[in-house]
1. From the set of residues in the stretch 92-112 that are of a type in the set (A, V, I, L, M, F, W, C) and not in a loop (DSSP other than H, G, I, E, B), which is most open to solvent (accessible area, probe 1.4 Å)?
2. Could you look through the stretch 57-84, keep only residues that are assigned to a loop (DSSP other than H, G, I, E, B) and touching an Asp or Glu at 6+ places or on another chain (Cβ under 7 Å), and pick out the one that is most open to solvent (accessible area, probe 1.4 Å)?
3. Do you know which of the residues in the stretch 50-68 that are of a type outside the set (A, V, I, L, M, F, W, C) and in contact with a strand residue (DSSP E or B) (Cβ under 8 Å, 6 or more places away or on another chain) is nearest to residue 95 (Cα to Cα)?
4. Inspect the stretch 8-17 for any residue being touching a residue at least 60 places away in the same chain (Cβ under 8 Å) and either of a type in the set (Ser, Thr, Tyr) or touching a His at 6+ places or on another chain (Cβ under 9 Å) (or both) and give the result as yes or no.
5. Step by step: first the residues of the stretch 1-56, then only those that are part of a strand (DSSP E or B) and charged (D, E, K, R), then the one that is most open to solvent (accessible area, probe 1.4 Å). Which residue is that?
6. Only residues that are more than 14 Å from residue 69 (Cβ to Cβ), within 10 Å of ligand 1 (Cβ to nearest atom) and either among the β-branched types (Val, Ile, Thr) or touching a residue at least 24 places away in the same chain (Cβ under 8 Å) (or both): list them for the stretch 41-58, please.
7. Check the stretch 57-80 and report whether any residue there is under 11 Å from the mean Cα position of the chain (by Cα) and of a type in the set (Lys, Arg).
Amino acid sequence: MTYVVVDACIKCKFMDCVEVCPVDCFYEGENMLVIHPDECIDCGVCEPECPVEAIRPDTEDDLEKWLEINQKYASEWPNITVKGDPPADNKDFEEETGKFEKYFSPNPGAGS
Ligand code: SF4
Ligand code: F3S
């Protein structure tokens, strides 16, 4: 199994998760992060760190799409190991649903 980042992260991007990962397996897109499924050791410490519950174990139902997205973009986006500045307006998007369809960006972030 692995943990994956889901659409709650989009435009919120708090990045508390990257500070606790013992194997540095987060990768940065323009407005969300993903986890590399082949590098994640399933320790689970990142899950409670996310304020918007965007990190889920892939054993939950209906996460196949997100497993594919995490796998694909972890190999395209740069690694991030240090928390940067979250988007200034990220609180506006905490409760929003359907963010993948509205806002997902395939563009890479800056990484660290
Ligand atoms: Fe990193 Fe552990 Fe989270 Fe996997 S479960 S992304 S290894 S902190
Ligand atoms: Fe995203 Fe949550 Fe990390 S919003 S950047 S998964 S702390």
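The values are calculated or read from the model by the stated rules, or taken from the named source; none is laboratory data. Please read all numbers here as calculations on a predicted model, not as lab measurements. Here the Cβ positions follow ideal geometry from the backbone for every residue, glycine too, while neighbour counts run over all protein chains shown. Only protein heavy atoms, including side chains, enter the accessible area calculation; ligands, DNA and RNA are left aside. Shrake-Rupley method; radii C 1.70, N 1.55, O 1.52, S 1.80 Å.
1. 100
2. Taking the stretch 57-84 as the starting set, the residues that turn out to be assigned to a loop (DSSP other than H, G, I, E, B) are 58-63, 75-78, 80-84.
Narrowing further to those that are touching an Asp or Glu at 6+ places or on another chain (Cβ under 7 Å): 77-78, 80-81, 83.
Values: 77: 13, 78: 40, 80: 4, 81: 44, 83: 79 Å².
By that ranking, first place goes to 83.
3. 56
4. Our first condition is that a residue be touching a residue at least 60 places away in the same chain (Cβ under 8 Å); within the stretch 8-17, this holds for 8, 10-16.
With the extra rule that they be either of a type in the set (Ser, Thr, Tyr) or touching a His at 6+ places or on another chain (Cβ under 9 Å) (or both), the set shrinks to none.
No, the stretch 8-17 has no match at all.
5. Checking each candidate, the answer is 56.
6. Once the filter is applied, which keeps residues that are more than 14 Å from residue 69 (Cβ to Cβ), within 10 Å of ligand 1 (Cβ to nearest atom) and either among the β-branched types (Val, Ile, Thr) or touching a residue at least 24 places away in the same chain (Cβ under 8 Å) (or both), the stretch 41-58 yields 41, 42, 44, 45, 46, 47, 49, 50, 57.
7. The answer is no, given that none of the residues of the stretch 57-80 is under 11 Å from the mean Cα position of the chain (by Cα) and of a type in the set (Lys, Arg).
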